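One structure is given below, encoded as structure tokens.
Only the coordinates and a few stated rules stand behind these numbers; no lab work does. If you're wondering where the values come from, they're calculated on a predicted model, not measured in any experiment. Positions of Cβ are backbone-derived with ideal geometry, glycine not excepted, and every protein chain shown enters the neighbour counts.
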Amino acid sequence: MIFLKLAQKVVVQHQGAYGWESETVYEPVFVAADHIISMFFAGLTVLKMTSGECIEVKETPEEITAMIAAGAAK
């Protein structure tokens, strides 16, 4: 089974001087390649998983496909 380390988009809110402020950060997430149903690019890549969850990641579909191909070649 091939696991991919991707950068997932997360929105963090914290108390600022004038109220709540939102900040976008990218955190590592590990995804099993066998659990990806589909992916499409919409500014960020959206992965549709077998669980029904949608994950937004920074990597492009081409980069993810290359990671899967490199993992399969090992």
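Some notes on this structure:
- Rounded to the nearest Hz, the phi-derived 3J(HN,Hα) couplings of the range 18-28 under the Karplus curve 6.51 cos²θ - 1.76 cosθ + 1.60 (θ = phi - 60°) are 10, x, 6, 10, 9, 9, 9, 10, 10, 10, x, where x marks glycine and proline.
- Using only Cα coordinates, the Kirkwood hydrodynamic radius of the chain works out to 13.5 Å.
- In loop segments of the range 1-57 as defined by DSSP, the GluC sites (Glu not before Pro) with at most 16 further C-beta atoms inside 10 Å of their C-beta are Glu53.
- Placed amide H near Ile2: partners under 5 Å, 5+ positions off or other chain: Ala33, Asp34
- Computed from Cα positions, the angle between helix 61-73 and the longest principal axis of the chain comes to roughly 40 degrees.
- The string of couplings for the range 38-44 from the Karplus curve (6.51, -1.76, 1.60, θ = phi - 60°) is 8, 8, 9, 9, 9, x, 10 Hz, one whole number per residue in order, with x for Gly and Pro.
- A full extension of the chain between Glu56 and Ala33 corresponds to an added length of 6.8 nm, given 0.36 nm per residue minus the alpha carbon distance.
- In a DSSP loop and with at most 13 other Cβ atoms within 10 Å, the chymotrypsin sites (Phe, Trp or Tyr not before Pro) in the range 1-56 are Tyr18.
- Mean residue ellipticity at 222 nm, helices only, the chain: -5500 deg cm²/dmol; runs of at least 4 DSSP H residues each add -39,500 (n - 2.57), and the sum is divided by the number of residues.
- Computed from the C-beta positions of Val10 and Thr65, the FRET efficiency with R₀ = 22 Å rounds to 0.40.
- Rough spin-label spacing in nm, given labels placed 7 Å along Cα→Cβ, for Val46 and Glu21: 3.0
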